[in-house]
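Engineer: Would you mind keeping the following structure in view while I ask a few things?
The values are calculated or read from the model by the stated rules, or taken from the named source; none is laboratory data. Everything quoted here is computed from the prediction, not taken from an experiment. All Cβ positions, even for glycine, are placed from backbone atoms using ideal geometry, and neighbour counts span all protein chains on display. We work out accessible area using only protein heavy atoms, side chains counted, and drop any ligands, DNA or RNA first. Shrake-Rupley method; radii C 1.70, N 1.55, O 1.52, S 1.80 Å.
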Amino acid sequence: MGFLSDALSRIKPSATIVITQKARDLKAQGRDVISLSVGEPDFDTPDNIKEAAIAAIRRGETKYTPVSGIVPLREAIARKFKRENGLDYKPSQTIVSTGGKQVIYNALLATLNPGDEVIIPAPYWVSYPEMVGLCGGKPVFVDCTMEHNFKLQPEPLERAITPRTKWIILNSPSNPTGAAYTRAEMKAITDVLMRHPHVWVLTDDMYEHLTYGDFEFVTPAQVEPGLYERTLTMNGVSKAYAMTGWRIGYAAGPEMLIKAMDFVQGQQTSGASSIAQWAAVEALDGPQDHLPRFRQAFQERRDLVVSMLNQSKYLKCPMPEGAFYVYPSCAEAIGKTAPSGKVIATDEDFVSELLEAEGVAAVHGSAFGLGPNFRISYATSNVALEDACHRIQRFCGSLR
């Protein structure tokens, strides 16, 4: 009998974390590296949120909290969903966790039995299938091609649903592609789900506030009220409020599911950080005037990166609607020879040779379930992005 759990054989390490750490290691060795692999805003947390945390410390708000979160935060979450999404939730239908990842994991752990299927549109955030596997479920992938702007289409979704399907995970705007569903596109998806009442919806709305131009964000239960009783709507403060390190995610859904998630969390971490929770109250209830500034900066960066990548030999880069990622195709580079003499056979070879030759760290698309592409995060300065894109152009120009 082995010492380590067999469950570990069902999962892979996070490719984004692996690449980010490799870039850190090369920097520590003195290499000139620009890391475009991490999904973290480079902005600082707004001052009003930091001051709310300091005030909470001074008030002595440093004790254990209820497992599902402090009442003022659960009330703020309910207000947020009503104000911004037109969704009515009682505070008792909300839960606070240590980051959005824990929200998703708790929901899956509380609901999946061995062999239950979870539909995951690909490309996907690297953690979705691994969490499903850890919880004993079976990921079922549906490819969303560049031809359809990386968005799930109704027909392949319908074909993927079986009697064993328990969840579908939707992410709009998407990590890794930045693709976001219009109201009409989301309605086409929810129409399919209305025909299959045994399928629940887990929607990851973490990038809700990071959409560009006149794009209107929508979430499934908002578009189709008939899905309200079988939808878990997840969000958090990490991206829109530049609070990645504060580790606060939240969700709302049917009270039965929220109670089950509370039960699971009670035997894991209990309540999230009390100080971070009070900061999150201010994030949701306080001034939102930083958001237009964030969006403007990200939109400028998106436009810069898309333009420069599309000027690169062998690359094609769609224009995403949201988040802070682009997902260019490197299909035309497959089969070419890098300056090292290595033949590029996969998108993983492409990003590996790019890092070695030019010191630009990106994440290969096969890690997200669909290639040959690679993901670039443009959550860094315009200067760094321009330098990185020049290096990518130079690397692509060097391929033979």
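Engineer: Between LYS316 and PHE3, 0.36 nm times their residue separation minus their Cα-Cα distance comes to what?
Structural biologist: Working: separation 313, 0.36 × 313 = 112.68 nm, distance 4.70 nm.
Full extension from LYS316 to PHE3 adds 108.0 nm.
Engineer: If you take every DSSP beta bridge whose two residues both sit in the chain, what share of them, in percent to the nearest 5, is antiparallel? It would help to have the intermediate numbers written out before the result.
Structural biologist: Details: 16 of 36 bridges.
Once the DSSP bridges in the chain are tallied, antiparallel ones form about 45 percent.
Engineer: With a 1.4 Å probe and all protein chains left in place, how much accessible area per residue does region 190-339 have, in Å²? Numbers along the way, then the final one.
Structural biologist: Details: 5340 Å² over 150 residues.
Result: 36 Å² per residue.
Engineer: In region 89-235, with Lys and Arg counted as +1 and Asp and Glu as -1 at Cβ, which of these residues, GLN153, VAL199, TRP125, has the Cα nearest the positive end of the dipole, that is, farthest along it?
Structural biologist: VAL199
Engineer: Quickly work out the ASN113-to-GLU147 label distance, labels modelled 7 Å from Cα along the C-beta direction, and quote it in nm with one decimal.
Structural biologist: 3.9 nm
Engineer: For Kirkwood radius over Cα pairs in Å, which listed value, [x] 21.1; [y] 21.9; [z] 22.8, comes from the coordinates shown?
Structural biologist: [y]
Engineer: Let me know the charge dipole size of region 312-400 about its Cα centre in debye, to the nearest 20, where only the beta-carbon of Lys, Arg (+1) and Asp, Glu (-1) is charged. Kindly include the intermediate steps, with their values, before the conclusion.
Structural biologist: Working: 8 positive and 10 negative charges, 49 e Å.
Charge dipole, region 312-400, about its Cα centre: 240 debye, nearest 20.
Engineer: Evaluate the relative contact order of region 142-210 (contact order divided by residue number), counting alpha-carbon pairs under 8 angstrom at least 6 apart; express in whole percent. Spell out each step's value before the answer.
Structural biologist: Details: 70 pairs, mean separation 26.5, N = 69.
Relative contact order, region 142-210: 38 percent.
Engineer: Determine the relative contact order of the chain: mean sequence separation of Cα pairs under 8 Å and six or more apart, normalised by residue count, in whole percent.
Structural biologist: Details: 789 pairs, mean separation 88.0, N = 400.
Relative contact order here is 22 percent.
Engineer: Grab the beta carbon distance between LYS90 and ALA331, set R0 = 60 Å, and tell me the FRET efficiency rounded to 0.05. Present the calculation step by step, with values, prior to reporting the outcome.
Structural biologist: Values: r = 49 Å, r/R0 = 0.82.
Plugging the Cβ-Cβ distance into 1/(1 + (r/R0)^6) gives 0.75.
Engineer: Let me ask something else. Using r as the Cβ-Cβ distance of VAL71 and GLU356, and R0 as 56 Å, what FRET efficiency do you calculate, to the nearest 0.05?
Structural biologist: On the way: r = 53 Å, r/R0 = 0.94.
Efficiency, rounded to the nearest 0.05: 0.60.
Engineer: So what's the angle, to the nearest 10 degrees on a 0 to 90 scale, between helix 15-28 and the longest Cα principal axis of the chain?
Structural biologist: The answer is roughly 60 degrees.
Engineer: Give the peptides 318-328, 338-348, 354-364 in descending order of average Cβ contacts within 10 Å, highest first.
Structural biologist: Working: 318-328: 24.1, 338-348: 15.3, 354-364: 22.5.
Going from most to least packed, we get 318-328, 354-364, 338-348.
Engineer: Sketch the reach of a paramagnetic label on THR62 as a point 7 Å from Cα along Cα-to-Cβ, and name the residues of region 245-282 whose backbone nitrogen lies under 14 Å away.
Structural biologist: 274-276
Engineer: Another question, then. State the answer as a single residue: which of THR269, CYS396, GLY115 lies farthest towards the positive end of the charge dipole of the chain, with beta carbon charges of +1 for Lys and Arg and -1 for Asp and Glu, about the Cα centre.
Structural biologist: Projecting each Cα onto the dipole axis, the largest value belongs to THR269.
Engineer: Can you list the HN-Hα couplings for region 340-357, worked out from phi with the Karplus curve (6.51, -1.76, 1.60; θ = phi - 60°), rounded to whole Hz and with x for Gly and Pro?
Structural biologist: 6, x, 7, 7, 7, 9, 9, 5, 5, 4, 4, 6, 5, 5, 4, 5, 5, 7
Engineer: So for the chain, taking the charge dipole from beta-carbon charges (+1 Lys/Arg, -1 Asp/Glu), which of GLN93, ALA240, SER68 sits furthest toward the positive end?
Structural biologist: SER68
Engineer: Can you classify region 109-261 as rounded, prolate or oblate using the Cα gyration tensor, where a ≥ b ≥ c are the square roots of its eigenvalues, rounded means a/c under 1.5, and otherwise it's prolate if a/b beats b/c and oblate if not? The partial results should precede the final answer.
Structural biologist: Numbers: a/c = 1.36, a/b = 1.10, b/c = 1.24.
Judged from the Cα gyration tensor, region 109-261 comes out rounded (a/c under 1.5).
Engineer: Can you give the charge dipole size of the chain about its Cα centre, rounded to the nearest 20 debye, using +1 on the beta carbon of Lys and Arg and -1 on the beta carbon of Asp and Glu?
Structural biologist: Numbers: 41 positive and 45 negative charges, 111 e Å.
I would put it at about 540 debye.
Engineer: Using the crude model of +1 on Lys and Arg Cβ and -1 on Asp and Glu Cβ, and no other charge, please compute the dipole size for region 8-127 relative to its Cα centre, in debye to 20. Could you put the intermediate results ahead of the total?
Structural biologist: Working: 17 positive and 13 negative charges, 53 e Å.
My answer is approximately 260 debye.
Engineer: Can you pull the percent of the chain's accessible area that's carbon plus sulfur, 1.4 Å probe, other chains left in place?
Structural biologist: Numbers: 8850 of 16440 Å².
Within the chain, the accessible surface is 54 percent carbon and sulfur.
Engineer: Tell me, how many Å apart are the Cα centres for region 369-394 and for region 219-235?
Structural biologist: Cα centroid of region 369-394 versus Cα centroid of region 219-235: 34 Å apart.
Engineer: Now, a different point. Just need the relative contact order of region 176-242 here, percent rounded to a whole number, with Cα pairs under 8 Å and 6+ apart. Let's see the in-between values first.
Structural biologist: Values: 70 pairs, mean separation 28.0, N = 67.
Contact order relative to length: 42 percent.
Engineer: I've got another one for you. Which value at 222 nm does the chain reach when only helices count, each DSSP H run of 4 or more adding -39,500 (n - 2.57), with the total divided by all residues and rounded to the nearest 500 deg cm²/dmol? Show your work: numbers first, answer last.
Structural biologist: On the way: 13 runs with 159 residues, N = 400.
Calculated from helices alone, the mean residue ellipticity at 222 nm is -12500 deg cm²/dmol.
Engineer: Now a separate question. Between THR346 and GLU300, what is the spin-label point distance in nm, taking each point 7 Å from the Cα along the Cα→C-beta axis?
Structural biologist: Here the answer is 3.9 nm between the modelled labels.
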